[in-house]
Structure formats: C-alpha cells, structure tokens
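Enquirer: Quick one: the structure is below, and I'll ask about it shortly.
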Amino acid sequence: MHKLSMFALSGLLFVGSCFASQEINITNLDKYKILKALFYVAKPKEFNSLQQYNSKHELTNDLIDNLVRQNGGRWDFYCIAGRSLGIDINGDSFNPWFFDRYNGTGTAQQVIDNLQT
C-alpha cells in the first residue's frame with residue numbers, strides 16, 4: 001500500500017479579498033469522487049524537501065479513508081502526494097480560490113461540472 005502525505009487546511013486562516021471566489025456547490029456529490037477528480041486534475045508541485053511527487057500514486061477509497069482519518073475526520077487538504085489542492089469539501093460548497101490558483105482559473109468548477117453530468 002502506498003503511503004500518501006498530506007497537509008490539512010484546518011489550521012490556516014484565509015484573510016483578504018483575494019479569497020473571495022464564488023463558492024462551488026457540491027451538494028449531493030460523493031466526496032470520494034470529488035477528491036479523486038480534483039486530485040487527478042491537480043498539477044504536481046515542484047520537488048521540495050517536505051514532499052516528493054510520485055506520478056504512480058493511485059488515490060483509492062482506502063487511501064482516502066486513511067487520509068481523512070489522519071486529518072481528524074475532516075475533508076480539507078492542502079496537498080496530497082505533491083499535488084496542490086487547497087480544498088475544504090466538508091460542507092455543501094467550497095471555495096476554489098487556492099485550487100484554481102495552482103491549477104488554472106475555473107479548473108475546479110469544470111471538474112465539478114463534469115461530475116454533475
């Protein structure tokens with residue numbers, strides 16, 4: 001089993017108008033599918049001393065369960081396996097600002113739109 005590393009968002013405080021993106025509605029969408037879809041679209045970060053990117057990681061439901069458990073039951077992630085996510089999908093919507101900053105403006109909405117069809 002691959003061990004994925006992750007950073008949680010729960011300790012970060014976002015302040016300022018730069019984070020005022022339109023919330024994306026994820027009501028009635030499966031959180032596993034949301035996380036997988038965003039993970040596979042996310043661009044890998046450049047190598048740094050904290051984390052190595054391995055393109056062979058597969059994000060399975062079991063791995064997601066482990067990540068959520070390690071994160072205290074929360075569905076908020078900054079980075080998984082070197083891919084910048086910056087998402088908090090605990091509720092019925094999420095702010096895509098951080099995800100889009102690293103992965104392209106409007107990318108998060110496109111991913112969610114594809115899941116809704």
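The values are calculated or read from the model by the stated rules, or taken from the named source; none is laboratory data. Predicted model only: the values in this text are computed from it and were never measured. With ideal geometry, Cβ positions are generated from the backbone for all residues, glycine too; neighbour counts draw on all protein chains shown.
Enquirer: Is it the case that residue 32 is surrounded by fewer than 18 Cβ atoms within 10 Å (Cβ to Cβ), within 16 Å of the chain's Cα centre (by Cα) and at pLDDT below 90?
Expert: no
Enquirer: In the list 16, 11, 86, which residue meets the criterion of being surrounded by 15 or more Cβ atoms within 10 Å (Cβ to Cβ) and either modelled with pLDDT under 95 or closer than 19 Å to residue 99 by Cα (or both)?
Expert: Going through 16, 11, 86 in turn, the sole match is 86.
Enquirer: How about the stretch 89-104: which of its residues are under 12 Å from the mean Cα position of the chain (by Cα) and either closer than 14 Å to residue 37 by Cβ or surrounded by fewer than 21 Cβ atoms within 10 Å (Cβ to Cβ) (or both)?
Expert: 89, 90, 94, 95, 96, 97, 99, 100, 102, 103
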